[in-house]
Amino acid sequence: MSDDSFQGKSSFNQFITNKLPNSVWVMALAAAVTFFAVSAVLAYRSIDVITQNNISINNTLQTINLIKDLNRELVAAESSQRGYLLTGDPEYLQPYHQTLSVVDDLLTQLGDSTARSPVQTKRFESLRHYVRNKIDEMQRIVVLTNREEIRAAIRQVKTDEGIELMRAISQLLGEMESEELLLLESNKAVAADNREFILMALLLANGIGLLLSLGFFTHGIAMHPVWRN
């Protein structure tokens, strides 16, 4: 082999020795930057998913509470109205009117809370119709009692209109609550699945990052034996 050929081969080997480690470290840096970018995106997405799950669960719980509160306030209003009819004591009218004011507010909140579900929206429209009719029925009895037309008020009670309205209201409230409870269980299941997926994804990403770090560290020792000392 000629000296020129030997020198050329030696120069090529020296070029590989000098340049290849630099290329490896460039790739290592690119891999590290990519890994941390992916990890950051995954972490951000995980926080967003968990936040949305919590919002869904909280909204469902709020709707269930609104349904329970509305039922309780309607029963309280009817009780106050009946108390006024039986005793003629105006003291019963103050909690009656206060309760009706609360019912209006609860209806507004419940309408907003159930707007996301077409099925619940349809039920709410029927519920609002029955609640308004129930309020009108109670108000007619109060007006008759105010005028001391007790017999007419009693006849109104005996028509069972109020009982039928409350029965329809209770049925709708029960259906709406059952729907929200099913939705709550579904949201909790989705949240649990998301948490499990996020945990596995984070563990996988960290595992890959650890393997990359060990691989580059091992390669660095192999390329630079002096590091071993």
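Check whether at least one residue in the stretch 46-67 is within 28 Å of V143 (Cα to Cα), of a type outside the set (A, V, I, L, M) and assigned to a helix (DSSP H, G or I), and report yes or no.
No, because not a single residue in the stretch 46-67 is within 28 Å of V143 (Cα to Cα), of a type outside the set (A, V, I, L, M) and assigned to a helix (DSSP H, G or I).
Could you list, in sequence order, the residues of the stretch 62-76 that are open to solvent by 90 Å² or more (accessible area, probe 1.4 Å) and in contact (Cβ under 8 Å) with a residue 60 or more places away in the chain?
Matches in the stretch 62-76: K68 only.
Looking at (1) outside any helix (DSSP H, G or I); (2) open to solvent by less than 40 Å² (accessible area, probe 1.4 Å); (3) hydrophobic (A, V, I, L, M, F, W, C), which one does A115 not meet, given that it meets all the others?
(2)
Output yes when any residue across the stretch 123-144 is of a type in the set (F, W, Y), under 30 Å from E185 (Cβ atoms) and open to solvent by less than 70 Å² (accessible area, probe 1.4 Å), and no when none is.
Within the stretch 123-144, one or more residues are of a type in the set (F, W, Y), under 30 Å from E185 (Cβ atoms) and open to solvent by less than 70 Å² (accessible area, probe 1.4 Å).
Only one residue in Q156, Q171 is without any contact (Cβ under 8 Å) to a residue 24 or more places away in the chain and surrounded by 15 or more Cβ atoms within 10 Å (Cβ to Cβ). Which one?
Selected residue: Q156, the only one of Q156, Q171 that is without any contact (Cβ under 8 Å) to a residue 24 or more places away in the chain and surrounded by 15 or more Cβ atoms within 10 Å (Cβ to Cβ).
Could you grab me the full set of residues in the stretch 77-104 that are among the acidic types (D, E), in a helix (DSSP H, G or I) and without any contact (Cβ under 8 Å) to a residue 40 or more places away in the chain?
Scanning the stretch 77-104 gives E91, D104.
Can you say whether N59 is at pLDDT 85 or above and among the polar types (S, T, N, Q), as far as the supplied structure shows? Lay out the reasoning, then the answer.
On the way: at pLDDT 85 or above: yes; among the polar types (S, T, N, Q): yes.
Criteria met by N59.
The values are calculated or read from the model by the stated rules, or taken from the named source; none is laboratory data. Model, not experiment: these values are computed from the prediction. All Cβ positions, even for glycine, are placed from backbone atoms using ideal geometry, and neighbour counts span all protein chains on display. Surface accessibility is based on the protein's heavy atoms, side chains included, excluding ligands, DNA and RNA. Shrake-Rupley method; radii C 1.70, N 1.55, O 1.52, S 1.80 Å.
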